[in-house]
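Let me begin by presenting the structure, written as structure tokens, before commenting on it.
The values are calculated or read from the model by the stated rules, or taken from the named source; none is laboratory data. As the structure is a prediction and not an experimental result, all values here were calculated from the model. Note that each Cβ is placed from the backbone with ideal geometry, even for glycine, and that neighbours are counted across all protein chains shown. Accessible surface areas use protein heavy atoms only, side chains included; no ligands, DNA or RNA. Shrake-Rupley method; radii C 1.70, N 1.55, O 1.52, S 1.80 Å.
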Amino acid sequence: MSDIEHVEGRVREIHLAAESATILDAVENLSPGSISEPCFDVTDSSNDVVVVVGGGFPGSTESSRGSFSRTLHHSSGSITQIRAANVVDVDQQTVIARTERVPAKEASDYGEEMVRKVHMRSRGGSMEKSEILTTETVSCVDVEEDIADENAEGPLHVECTSSYLQEGVTQPHSDQQDEVDSSKPLPDQEELDYTQIPEWRNQRRQLFVFSNSGKPVYTRHGDEDRLVTLCGVMQAIVSVVNDTNDNQLWSMRAIGTTISFLIRTPLVLVTVAKTGESDRQLVLYLNYVYDFIISVLTAPQLSRIFIRYPNFDLRRMLSGTEKILDRLVDWFDEDFGFLLGAVRCMPLPPPLRESINSLLTHSCQKTPNLVFALVIAKRQLISVTRLKKYILHPSDIRILINLVDTSDSFKTAEAWIPICLPKFDAGGFLHAYIHYLRESPVCLIYLAVDPSLFHSLAQSSANFVSKMESSGNLDSVLAAMSSTAFYTVQQTSVVELRHFVYKASSAAQLTSPVIGHPYVDEEGRQILRGFYRYLHRKMHCPTRAAKIIVVTSNTEMLLGWVSGTFELYAVLEPSITKHQAVLAIEKLMRWMKKEESQLFTINSQVFS
Amino acid sequence: MSANKDKLATAGSHHHTHNGRLVDLELASFCVFNSSLGQREGEEHQKIFLFFPVTTDVDVQIRVIGLLEAVSKFMRSFSDTDCRSFLTSQQLHTLNLVHPSDTAGPRVGENDRTRNETIQEEVYCSILEKAYKMFKILNGPLSLVEYPDTKPLKQKLQSFFADYLQKSPFGKLDVLQCFDALSWLPMNRKVFLSVQNVVNSISVNFREVRYSLMLYWDQVVWNDIDLPEALSMAHYITKFLYPDLMEKDIQAIHSSLPAQQFAQGHLGRFFFGPKNLQDSEEVVPPTFAYLTDPESGLAVRYRLVVYSAASIAVCLFLDEASSAASESTKYYRNLDAYLGPAVAAIAPDLAEQYSKQHNPQWSYDSPNVRYIFLNESNLSKKQTLADRNQTVQVELLKALVDIKEDVTNRFDDTEIYEKVLHDCWIYGKRNFQHSLFAVVTQRNADLVLTEEEIRKLCSKEFPSSNDAYL
């Protein structure tokens, strides 16, 4: 029973020992077993089952997520969602409990009640579920409760990213409900097919994810349940094309619209873009979305689910992460770095950055099983350090930054969550310790392979924070963030220049000044982003890649320049001669060389 | 599906054999179908008007067409325009809906193993569009209104495209097709007047002649039909009729034709005329051409007569109502008697003008700069990218096609310099319906030097319009 003690220990970490332990006991009664196995053990070849139960609303098992969340709402947040996953065998179970925003006293009662319900349901509930549950034994029940008491919140220990994230992004529940409602079409349009609604049709960037069987998993705009037919059509087209010897559907084009497909069995990802981007660029975005889903589930788990249950509704596994994915998709539009495969780095005075680098590296020394540590702020990288021989891919950093920045719950207390970094290892979870320094926008992240490292990392973090404070580094960073971190193009003193994006290829980092005249308003920003996407497309066409491109119109001169060590995309004044443009770019490059150590964190920090 | 009524879709797809090379693609299939027919299960084959290769299993045909229908319908969920193409790892299908009132043409495509942009749908689109335009001018627009019974339409499609697909180089695509325009023969005033004189006297002597088009080899000497239609017609004559002509010419020389024709100094031929001009009994089956009426926008049918002599092709569009007599051999004899000497009279002048333009004095002859100039207002082109001896590298031409797409669709009044492979620079600019695309292959050229080369080109080649380009 040392395992139970282990879990109880973890639960105490989250300051909810009493309540959670009761729930654990309850689940324990349901089916006793070992709890040392991680909930989503990737080496396990068993199945995953998800059951969603609306407490007191027997019909909600079959109900859609939308109505489920409404149910949640109506029952004042006291509804419990129970996730059962990873059937191993009768003897082996992992039970993770999480309680939040429910009056502490009620929590235990709820736990027991819910577990009973799950149990009952498993014997004779809805057809689909009962089928699953009678043939399989539930070995892992992840109980998630929405609890009204904000104070009960704390760093939580759960074994599935999504189950944790659910609470992070969606608080408070009533707000989310309102948002969902407002984003939904008017009631009289409820009956209409989405494709009949112009606002929906005209979205600049649509994104759909569905399973091989055509079940919707995610959509950026609209309610998945109303897109079942459309997803079915897409799936049909995909499979008809796939019928003939290894043929795969890639893209469709009409004037002004490109639809790209990415088939990553068991999922199909589709984007519909009116952004003028090429199929090749759109596929980059789809890969980010796929990576995000992997970051929640891990690749083996994803495929295992669908091997076992081809008709599985994956939304249940991802529930709670929709907002994060929404934010990621919106971020595609805002940040050119996704196409460049580079991370945005926060400009800091070189001595300050060095000092932070060494503090961070020092805090990581001699912590076994720690792989990476990062300091980020405002979606930008401040410092990163890594265990020897391991590298952190820019795409993984993006996924991580998006997750940390989107989930508000991290901002109030330290957190410990499992996350899979697909480029690092799509097969398993790392564990992320997330802590905002002194409730400032500066956030420290440790990534470790050992799920039991929470205490030692919390200790390291405390040391790091106190050193940051005592050395005055934190204040300096905050000061820099309000001044030098956001520089203007005027600071380069290249008068012909309006805006630019520079990527240091070796570090996979990019920098750009704040957007100024004449692109300050939203329309202007869109135009500017369009320029960069166009230049990127021209510079990265595999067979006819341009090394230099200069586009002159009445309104601006665009310049793209790719070499082995850097990529430069610039917008200049339209009236200058080519000779002036060349001189301006040379001047900018000199400035860049001079400021390099301020703009990027070039030297790779390593600990052992 | 009622929305699809009276629309016909054409689709083609390409297999390719060598990685990413346009020239090595082959046509996988080509089809014409109508979604409004064969709605009931088991009757789907009624949708199919044409399917190449004809040996394809009907079930496969139905499946291909079903996919095309699904894709175009799906695209309509997001787009107000029709799906132009869809790409898979092995094939590119291009498709186009042809409305009864007509506008667009059909499209073709290619494919590639790696997911990259060697694929230039535009090249294939323009080729399939060309195919449909030619079909339209010779057979009238595809429309179920015109053909309540689909059988004759199917036969027309079969016979036209069987011939077309055989003769047109689908497997050997010419990237330059994207820069399609008429080549006008440069003429001095005297020659131009004598050409005009011939054309005018034809319409005076043969009242039923409504329009005419005259070519010297592949270059336009005279035209009074709509320019895009002239382009299709000129393409038809040079690419489809001339090869036949060559054969006939050779035969004529070796056969026992009446000696007086040689004595008269001309060797005229009608393409769709009587087999033997001397046989008064022969009734000539009519050949038609369909030209768009500028006022109503509808296609109007004309009798088509194409006469060729001494490298000159005279294409006459006869008013159908008043051309009943044109079915007789006598009519052709008269026409021949008139056109023969008239054409023979201007032929030497045209030959001289034709050879003059290949004289270095007339043409910008820098080995480092090659260009194509397009004037959309008269659909004319002038180019040095490809001549009989030498063609600019295919990869550079593809890059030019990309630039053309950029300056035509993406930006207005824009100039693009691009440094591409082998340190060559390519240039594109479009301004007031005029566009210039160039390849500068000078060694170690930088941006400033390239700009200078283009400036030199413009001042030498287009002195009068210099301001418009730089």
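Here are the numbers for the structure shown:
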{"quantity": "Options B:T391, B:T384: the member that is open to solvent by 60 Å² or more (accessible area, probe 1.4 Å), of a type outside the set (D, E, K, R) and more than 9 Å from every other protein chain (Cβ to nearest Cβ)", "calculated": "B:T391"}
{"quantity": "Filter result for B:Q433 (within 24 Å of the chain's Cα centre (by Cα), more than 8 Å from chain A (Cβ to nearest Cβ), surrounded by fewer than 19 Cβ atoms within 10 Å (Cβ to Cβ) and of a type in the set (S, T, N, Q))", "calculated": "yes"}
{"quantity": "Only listed residue being touching a residue at least 60 places away in the same chain (Cβ under 8 Å), of a type outside the set (F, W, Y) and open to solvent by 30 Å² or more (accessible area, probe 1.4 Å), chosen from A:S355, A:S363", "calculated": "A:S355"}
{"quantity": "Scope region B:402-425; condition facing chain A (nearest Cβ under 7 Å), among the hydrophobic types (A, V, I, L, M, F, W, C) and part of a strand (DSSP E or B); matching residues", "calculated": "B:I416"}
{"quantity": "Among residues of region A:556-607, those that are in contact with a Pro (Cβ under 9 Å, 6 or more places away or on another chain) and under 22 Å from B:E415 (Cβ atoms), counted", "calculated": "2"}
{"quantity": "Any hit, region A:210-228, residues being in contact (Cβ under 8 Å) with a residue 40 or more places away in the chain, of a type in the set (A, V, I, L, M) and surrounded by 19 or more Cβ atoms within 10 Å (Cβ to Cβ)", "calculated": "yes"}
{"quantity": "Residue list for region A:492-510, filter: more than 21 Å from A:V343 (Cβ to Cβ), out of contact with any Asp or Glu (no Cβ under 9 Å at 6 or more places or on another chain) and not hydroxyl-bearing (S, T, Y)", "calculated": "A:V494"}
{"quantity": "Failed item, numbered, when B:G105 is tested on (1) modelled with pLDDT under 75; (2) touching a strand residue (DSSP E or B) at 6+ places or on another chain (Cβ under 6 Å); (3) small (G, A, S)", "calculated": "(2)"}
{"quantity": "Residue within region A:274-282 that is free of Cβ contacts under 8 Å to residues at least 40 places away in the same chain, part of a helix (DSSP H, G or I), within 14 Å of chain B (Cβ to nearest Cβ) and open to solvent by 10 Å² or more (accessible area, probe 1.4 Å) present", "calculated": "yes"}
{"quantity": "Options B:D249, B:D218; residue that is at pLDDT 75 or above and acidic (D, E)", "calculated": "B:D218"}
{"quantity": "Hits in region B:299-329 (condition: without any contact (Cβ under 8 Å) to a residue 12 or more places away in the chain and in a loop (DSSP other than H, G, I, E, B))", "calculated": "B:A321"}
{"quantity": "Some residue of region A:520-530 being without any contact (Cβ under 8 Å) to a residue 12 or more places away in the chain and within 12 Å of another protein chain (Cβ to nearest Cβ)", "calculated": "yes"}
{"quantity": "Matching residues, region B:269-285, being within 24 Å of B:Y211 (Cβ to Cβ) and either small (G, A, S) or under 23 Å from the mean Cα position of the chain (by Cα) (or both)", "calculated": "B:R269, B:F270, B:F271, B:F272, B:G273"}
{"quantity": "Any hit, region A:536-543, residues being within 11 Å of chain B (Cβ to nearest Cβ) and hydroxyl-bearing (S, T, Y)", "calculated": "yes"}
{"quantity": "Answer from A:V501, A:V489, A:V477 - the residue that is crowded, with 21+ Cβ neighbours inside 10 Å, within 25 Å of A:T601 (Cα to Cα) and under 25 Å from the mean Cα position of the chain (by Cα)", "calculated": "A:V501"}
{"quantity": "Residue that is closer than 24 Å to A:E277 by Cβ, modelled with pLDDT of 80 or more, open to solvent by less than 60 Å² (accessible area, probe 1.4 Å) and not small (G, A, S), where the choices are B:V401, B:V369", "calculated": "B:V401"}
{"quantity": "Residue in region A:283-296 that is part of a helix (DSSP H, G or I) and open to solvent by 40 Å² or more (accessible area, probe 1.4 Å) present", "calculated": "yes"}
{"quantity": "Residue match in region A:346-356 (condition: closer than 12 Å to A:S460 by Cβ, in the same structural domain as A:E469 (by the TED database) and at pLDDT 90 or above)", "calculated": "no"}
{"quantity": "Filter result (more than 10 Å from every other protein chain (Cβ to nearest Cβ) and part of a helix (DSSP H, G or I)) within region A:239-273", "calculated": "A:S239"}
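Table: residues versus (1) modelled with pLDDT under 80; (2) open to solvent by less than 20 Å² (accessible area, probe 1.4 Å); (3) farther than 30 Å from A:V283 by Cβ; (4) within 13 Å of chain A (Cβ to nearest Cβ).
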{"residue": "B:A9", "(1), (2), (3), (4)": "yes, yes, no, no"}
{"residue": "B:H15", "(1), (2), (3), (4)": "yes, no, no, yes"}
{"residue": "B:L37", "(1), (2), (3), (4)": "yes, no, yes, no"}
{"residue": "B:R40", "(1), (2), (3), (4)": "no, no, yes, no"}
{"residue": "B:S85", "(1), (2), (3), (4)": "no, yes, no, yes"}
{"residue": "B:T94", "(1), (2), (3), (4)": "yes, yes, no, yes"}
